[in-house]
Structure formats: structure tokens, C-alpha cells
Amino acid sequence: MELAERYAELLATGGVVRGLIGPREVPRLWDRHIMNSAVVAPRVPSGASVADVGTGAGLPGLVWAIARPDIHMTLIEPLLRRTSFLEEVVDDLGLTNVEVLRSRAEDVSATYDVVTARAVAALDKLGRWCMPLVAPGGVMLAMKGRSAADEVEAAASTLHRLGATSIVVATYDNGEVPTTVVEVTR
């Protein structure tokens, strides 16, 4: 909990100054961002390699890495100002299970047990970026909002062409606003 509190403090200060989190989000950091991300962490298999595509300020990747020291998290982000912030946060928190990778998803050649993204793009575009990074038998966990079912309907054929064997919309209850995740197994 201490690390999560320190991360929230870093988001509320440096994250706002650097434009990674809007100032209006500060009062909602815990329920809308941190808990919204943390509630999905138990879904990640023990010891998994995980990539967070377009991680921005580290959501959900840093939250998962804090909650689950058994996983190896790769934060994929193309923008230098964001990766600089992420590297500083990783150092400040002393996280040894996190790698910050300045890259676009389509330029990454590694594969991971779990690939996630939160508020990055529509599911069909997100699938084109993320599914090539999902190892066979792995899963993409796309954190989505209320329109998840509609996005699945629109993107299903693209996801199947990219190797999806199953697509499920799951809801995780965090006590505040439920977190909706599109789980795409490869």
C-alpha cells in the first residue's frame, strides 16, 4: 500500500506538471485510475510476462507491477516525456520487475503472456497493435468502458484474423465504478 500511495503522490504532482494526468483527475486518482486498474491485477497469471501498450502515466502497468511483484511488466510508450516520467517513478519506487520501453507497439518484436491497454484506441485498432505481442496461449486484456460489447461486435472479425480464439467481456467490481475488460485469448 505504501508504494501505491507514493505512486499516487507522484501522479498528483509530477504527473500533473508534465501533463500526464489532468488536474481535475487528482481527486479521482484512487477510484477512477488506481483502483480501476488494480481490480484486474488478480486476472494476470502468476509469474507472467506482461506488456502495457500506450501506458502513458503507467496505468494499469505500474499499478499491476506494484500489486504483483511476481510478474515482469514492460511499459511500452513512444513519447519521451512519458518514458522519462515512468523511469523516474520506477526508480523512486524501487521496482525491479518493471522495464520501460520507448517504442510504438508495432515496432516491438517480443511476445508476452499478457498484453494490456487502457484508454488507448478502439478495439479493432488496439487489436492490430496488441495481438502480435500476445504469445500463443496468452491473452490481451483491453480495459474498456460501457461500449465494450459494441466494440467487440465491430472488431470481432479483425481479432479472429489476428489469432483470437475467444473474446469475452468481463466486469471487475472495485466497489466504485466497475472495470470492464475485453479478454481476447490467442
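The values are calculated or read from the model by the stated rules, or taken from the named source; none is laboratory data. What you are looking at is a predicted structure, and each value in this text was computed from that prediction instead of being measured. Quick reminder, even Gly has a Cβ in these numbers, built from the backbone with ideal geometry, and neighbours come from all protein chains shown. The accessibility values were calculated without ligands, DNA or RNA, using every heavy atom of the protein model including side chains. Shrake-Rupley method; radii C 1.70, N 1.55, O 1.52, S 1.80 Å.
The 3J(HN,Hα) values that the Karplus relation (6.51, -1.76, 1.60; θ = phi - 60°) gives for the stretch 92-100 are, in residue order, 4, 7, x, 7, 9, 9, 10, 10, 9 Hz. Gly and Pro appear as x.
Per-residue 3J(HN,Hα) values for the stretch 42-52, derived from phi via the Karplus relation 6.51 cos²θ - 1.76 cosθ + 1.60 with θ = phi - 60°, read x, 6, 6, x, 4, x, 5, 8, 10, 10, 10 Hz in sequence order (x marks Gly and Pro). A value for Cα extents along the principal axes in Å was derived from the coordinates, and within the list (i) 63, 35, 29; (ii) 95, 30, 28; (iii) 42, 34, 29 it appears as (iii).
Highest-first packing order for the peptide set 109-116, 96-103, 165-172 is 109-116, 96-103, 165-172, based on the mean count of other beta carbon atoms within 10 Å. Across the chain, Cα pairs under 8 Å and at least six residues apart give a relative contact order of 19 percent. Distance between the 7 Å Cα→Cβ label points at Ala121 and Glu25: 1.9 nm.
Our estimate of slack between Arg18 and Ser46, defined as 0.36 nm per intervening residue step minus the Cα-Cα distance, is 6.7 nm.
Grab the Cα-Cα distance for Arg32 and Ala170, subtract it from 0.36 nm times how many residues apart they are, and report the gain in nm with one decimal. Let's see the in-between values first.
Values: separation 138, 0.36 × 138 = 49.68 nm, distance 1.76 nm.
Answer, rounded to one decimal: 47.9 nm.
Per residue, the accessible area of the stretch 1-136 comes to 45 Å², computed with a 1.4 Å probe over protein heavy atoms only.
The string of couplings for the stretch 109-120 from the Karplus curve (6.51, -1.76, 1.60, θ = phi - 60°) is 9, 6, 10, 9, 5, 9, 10, 10, 7, 9, 6, 9 Hz, one whole number per residue in order, with x for Gly and Pro. Amide H contacts of Ile71: Gly47, each under 5 Å away and 5 or more positions distant or on a separate chain (H built 1.01 Å from N in the peptide plane; Pro and chain starts excluded). May I ask you to list the residues of the stretch 25-52 whose amide nitrogen lies under 19 Å from a point 7 Å from Cα along the Cα→beta-carbon direction of Glu9? Only 26-31, 34-35 fall inside the zone, counting backbone N under 19 Å.
Each label point was placed 7 Å from the Cα along the Cα-to-Cβ direction; for Ala135 and Leu80 their separation is 3.3 nm.
What does the net charge come to around Thr13 if you take all other residues with beta carbon closer than 14 Å to its beta carbon, with K and R at +1 and D and E at -1? Mind dumping the intermediate values first?
Working: positive: Arg6, Arg18; negative: Glu5, Glu9, Glu25, Glu88, Asp92.
Local net charge: -3.
Seen from Ile71, the other residues with C-beta closer than 13 Å to its C-beta sum to a net charge of -2, counting Lys and Arg as +1 and Asp and Glu as -1. Carbon-plus-sulfur accessible fraction, the chain (probe radius 1.4 Å, protein heavy atoms only): 52%.
Counting each DSSP H run of 4 or more residues in the chain as -39500 (n - 2.57), what helix-only mean residue ellipticity at 222 nm follows after dividing by all residues, to the nearest 500 deg cm²/dmol?
Rounded to the nearest 500, it is -8500 deg cm²/dmol.
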